[in-house]
1. How high is the relative contact order of the range B:63-141, in percent, with contacts defined as C-alpha pairs under 8 Å that are six or more residues apart?
2. Going by the alpha-carbon gyration tensor, a ≥ b ≥ c the square roots of its eigenvalues, is the range A:42-151 rounded (a/c under 1.5) or, if a/c is not under 1.5, prolate (a/b greater than b/c) versus oblate?
3. Aspartates and glutamates within cross-link reach of A:Lys128: Cα-Cα under 19 Å, excluding same-chain residues under 8 positions apart?
4. Reachable aspartates and glutamates from B:Lys176, Cα under 18 Å, same-chain residues fewer than 8 places away excluded?
5. Could you pull out every whole DSSP H run in chain B that spans at least 30 Å of Cα extent along its own axis and averages -1.0 or higher on the Kyte-Doolittle scale?
6. Mind putting together the pair-distance distribution for the range A:14-76? All Cα pairs, 5 Å bins, whole percent per bin, short to long.
7. Return the average number of partner chain Cβ atoms within 10 angstrom of each residue Cβ along peptide B:89-99.
8. Under 1.5 on a/c is rounded, so check that first for the protein assembly as shown, then, if it is not, pick prolate when a/b is larger than b/c and oblate when it is not; a ≥ b ≥ c are the square roots of the alpha carbon gyration tensor eigenvalues.
There are 2 protein chains.
Amino acid sequence: MLVARPKTEPVTSAHERVYRTLRARIMYGELDPGQALTLRGIAADFDVSMTPAREAVRRLVAEGALSLSSSGRVSTLELTPERIEELAALRSLIEVELASRALPRAHFALIDRLQAINNTISDTVIRKDASGYIRSNLEFHRTLYLRAQAPAMLAMTETVWLQLGPTMRALYGRLKRTGPPQYHRLILSALRAGDEPSLRLAVRSDVTQGLRLLTN
Amino acid sequence: MLVARPKTEPVTSAHERVYRTLRARIMYGELDPGQALTLRGIAADFDVSMTPAREAVRRLVAEGALSLSSSGRVSTLELTPERIEELAALRSLIEVELASRALPRAHFALIDRLQAINNTISDTVIRKDASGYIRSNLEFHRTLYLRAQAPAMLAMTETVWLQLGPTMRALYGRLKRTGPPQYHRLILSALRAGDEPSLRLAVRSDVTQGLRLLTN
DNA sequence: CGCGCGCCCTTGTGATCACATAGCGCCCAT
DNA sequence: ATGGGCGCTATGTGATCACAAGGGCGCGCG
């Protein structure tokens with residue numbers, strides 16, 4: 001017997017729920033590169049029919065988060081070194097611009113929030129929580145970029161993150177982390193100083209650093 | 001009675017056909033900004049069921065080519081001036097990089113092809129063919145960027161074109177064109193000279209010029 | 001014991017249907 | 001004449017089914 005939905009709860013469609021959950025899993029590296037998925041499997045996991053599963057998958061394929069074999073099988077991306085370099089270059093281009101646009105609007109409260117997120121990152125390092133590390137690291141960047149008031153650029157950056165997601169965890173394994181990324185400190189001090197050139201350099205460095213581990 | 005498909009023809013799924021056609025119509029400005037579409041209408045137009053129509057629309061929504069109202073109605077984008085500025089900035093960032101990467105690989109044959117496309121653009125100006133103008137203008141850029149061997153960047157650029165599509169025709173109306181964009185000449189001479197700084201400037205100017213007409 | 005072939009079953013595609021809802025127009029009352 | 005309310009219909013969502021094709025596994029042959 002169906003129970004009435006509490007009227008305050010925003011009705012979120014089934015495919016939206018499937019989409020959001022899969023998207024987060026991919027972006028935060030909870031799926032391995034090249035991992036195969038099936039529509040019926042996804043549908044069963046979320047206890048919905050194939051239709052919403054198909055829509056969610058289509059959407060993720062369109063965003064480059066999943067790839068479609070010629071016969072229609074879906075799997076997460078396996079990136080070539082060239083593709084990784086390209087995506088890192090895109091991150092660099094767009095994120096430097098976003099940071100630059102956020103700078104004039106970055107007040108103390110924002111910098112405090114970023115500081116707090118940086119501490120969360122430390123926790124994930126101590127707990128060796130790869131997925132949590134990726135999530136809070138991206139949260140650091142997203143919090144800053146949100147201030148740029150540039151939704152299209154932010155969306156584009158997030159689709160790049162999405163494409164890098166499964167591969168990023170592989171990176172985490174090779175990384176001997178002892179704390180938050182070193183360049184986050186530089187980003188914070190450049191923000192405090194209102195120093196745009198330093199900020200651009202710090203963001204570019206932060207975005208590009210991980211790349212080296214992946215391409216060799 | 002069904003006729004056997006010629007075996008050489010690549011079997012392209014129904015939703016792919018719908019997707020490609022709609023995508024081209026949007027990118028080349030054949031649909032007005034804010035134009036409403038219905039799944040059943042699209043399905044009828046292409047003589048398919050609602051399923052492929054839904055998938056094609058979902059895909060285009062994911063790429064930002066179409067927007068979904070809260071109740072799920074789909075329509076093309078109506079861009080605010082701020083959004084247009086943002087998209088132009090994205091074009092500038094990515095296309096300058098693509099041009100820069102294409103430069104070392106740009107041989108005579110490529111420059112000849114670009115020249116030929118430029119002539120096609122002249123034809124569309126004479127014929128006052130707005131959609132053809134947009135199509136061949138983008139073809140000019142795509143042909144150059146293809147040489148950059150950077151598929152992810154090119155794909156990202158194309159989704160920006162897609163978002164600007166319906167609005168670009170509005171631009172065309174305000175433009176008193178007498179020939180190909182002036183900056184195309186600069187792009188070509190920079191390519192011939194192998195002059196990267198000039199090329200970057202020319203591409204940025206070409207991409208940004210139209211913007212001014214749209215934001216005031 | 002290894003390799004290749006064929007068959008079955010898994011999997012994606014497209015059509016159709018039932019249902020809920022939002023938007024729109026029409027009608028009536030003031 | 002105009003504004004508001006009501007009801008119909010157009011429209012999106014999700015489920016289910018039929019079908020075709022591709023991949024993987026096992027069997028049989030060398």
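1. Working: 30 pairs, mean separation 12.8, N = 79.
So the answer I get is 16 percent.
2. On the way: a/c = 2.00, a/b = 1.68, b/c = 1.19.
Note, shape of the range A:42-151 comes out prolate.
3. A:Glu30, A:Asp32, A:Glu139
4. Candidates past the 8-residue exclusion: B:Asp123, B:Asp129, B:Asp206.
5. Details: long enough: B:81-102 (31 Å, 0.06); B:151-174 (33 Å, 0.26).
Those that pass (Cα extent of 30 Å or more, hydropathy at least -1.0) are B:81-102, B:151-174.
6. Result, from short to long distances: 4, 21, 33, 29, 12, 1 percent.
7. On the way: counts 6, 7, 0, 1, 7, 5, 0, 1, 5, 0, 0.
That works out to 3 on average.
8. Numbers: a/c = 1.60, a/b = 1.11, b/c = 1.45.
Oblate shape, in that a/c is at least 1.5 and b/c is the bigger or equal ratio.
No value in this document is a laboratory result; all are computed from the given coordinates. All values derive from a computational prediction rather than experimental measurement. Don't worry about glycine lacking a Cβ; one is built from the backbone with ideal geometry, like all the others, and counts go over all protein chains shown.
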